[in-house]
1. Check 189, 174 and return the single one that is of a type outside the set (Lys, Arg), modelled with pLDDT of 70 or more and under 30 Å from residue 145 (Cβ atoms).
2. Could you tell me whether any residue of the range 150-167 is within 30 Å of residue 51 (Cβ to Cβ) and either in the same structural domain as residue 67 (by TED's automatic domain parsing) or part of a loop (DSSP other than H, G, I, E, B) (or both)?
3. Where residues in the range 59-87 are among the β-branched types (Val, Ile, Thr) and over 25 Å from residue 116 (Cβ atoms), which of them is surrounded by the fewest Cβ atoms within 10 Å (Cβ to Cβ)?
4. Please pick out the residue among 83, 136, 88, 74 that is under 25 Å from residue 158 (Cα atoms) and not β-branched (Val, Ile, Thr).
5. Working carefully through the options 233, 214, 238, find the one that is modelled with pLDDT under 65, over 57 Å from the mean Cα position of the chain (by Cα) and not charged (D, E, K, R).
6. Taking the range 107-135 only, how many residues are buried (at least 18 other Cβ atoms within 10 Å of the Cβ), more than 22 Å from the chain's Cα centre (by Cα) and assigned to a strand (DSSP E or B)?
Amino acid sequence: MPFTSNKLLSVQSAGSNAGVWGTGASDSLNEGVFEKLDDMLGGITSKSLTNVDVDLTQAEAQNAMLRLTGTLTGNVDISPDVGVTMIGFYYWENLTSGSFSVTFTNSAGSVTLPQSRRGVMWIDETNGPRIVSIVGSSTAETIPATYGVAFYNASVPAGWTAVAMNDRAIRIVTNGGGGSIAGSVAFSTLFARTATDSHTLTLSQIPNHQHDYTVPSLTATVGSGANNAATTTGTTQTTAAGGGAGHAHNIDMRVQYANMVVGTRN
């Protein structure tokens with residue numbers, strides 16, 4: 001008796017199993033259709049992983065959920081065994097621990113199943129497996145792991161890790177976001193200023209200039225006669241002024257702002 005191409009359900013031939021549901025045969029209605037449908041809707045394949053790759057049997061590949069547990073000591077690849085058909089929607093949850101990855105592979109490609117996540121993947125033999133939905137292990141998740149988000153809250157919410165940044169401004173860039181943290185002046189320090197930094201002018205910064213002054217003259221007559229008069233010229237300076245002190249200009253940079261925190265999705 002033939003079977004469907006994707007889920008291998010028994011296709012009943014005209015006149016077969018007449019008057020009975022059929023039991024004890026893989027092509028019967030009970031075992032060939034209803035029991036398989038029950039597995040596809042509610043069956044669970046559980047695997048405790050370490051560092052050994054896993055080949056799924058046909059019976060394991062027909063279950064709705066692939067539940068992964070255990071402590072990983074190496075990367076593990078899960079795939080349908082040779083000759084096993086595995087096509088369509090499958091649920092999965094990766095509850096393993098250990099700093100290694102779990103990958104699902106078939107003849108057309110592979111996909112990583114991240115830890116502490118559960119989701120749905122679509123599998124076919126043309127485009128390979130791919131995740132079509134993913135959530136946290138216990139709550140819905142709309143933002144992928146490691147993504148950074150700013151929150152207008154006192155602290156990051158549950159399921160997020162705070163990024164160690166404090167008293168900083170945000171710079172918008174075309175690319176390279178989430179990269180280097182630069183600068184030397186704290187946000188609150190800069191925007192609390194009400195004057196520029198004090199500065200003392202140097203000689204080179206003063207414009208070239210001169211000051212007018214009068215040189216006093218003194219004429220004295222020595223003896224008698226027209227040729228006995230002598231004139232002396234004195235040299236003087238303008239009165240000194242200034243003490244070389246610095247100066248500043250008024251400025252108000254006390255911009256309004258709102259405090260936000262930044263966190264990455266766990």
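The values are calculated or read from the model by the stated rules, or taken from the named source; none is laboratory data. Keep in mind that what you see is a predicted model, and the values were worked out from it rather than measured. Because the Cβ atoms are built from the backbone with ideal geometry, glycine has one as well, and the counts that use them run over all protein chains shown.
1. Checking each option against the conditions leaves just 174.
2. Yes: one or more hits.
3. My answer is 82.
4. 136
5. Of the residues listed, the single one that is modelled with pLDDT under 65, over 57 Å from the mean Cα position of the chain (by Cα) and not charged (D, E, K, R) is 233.
6. 2
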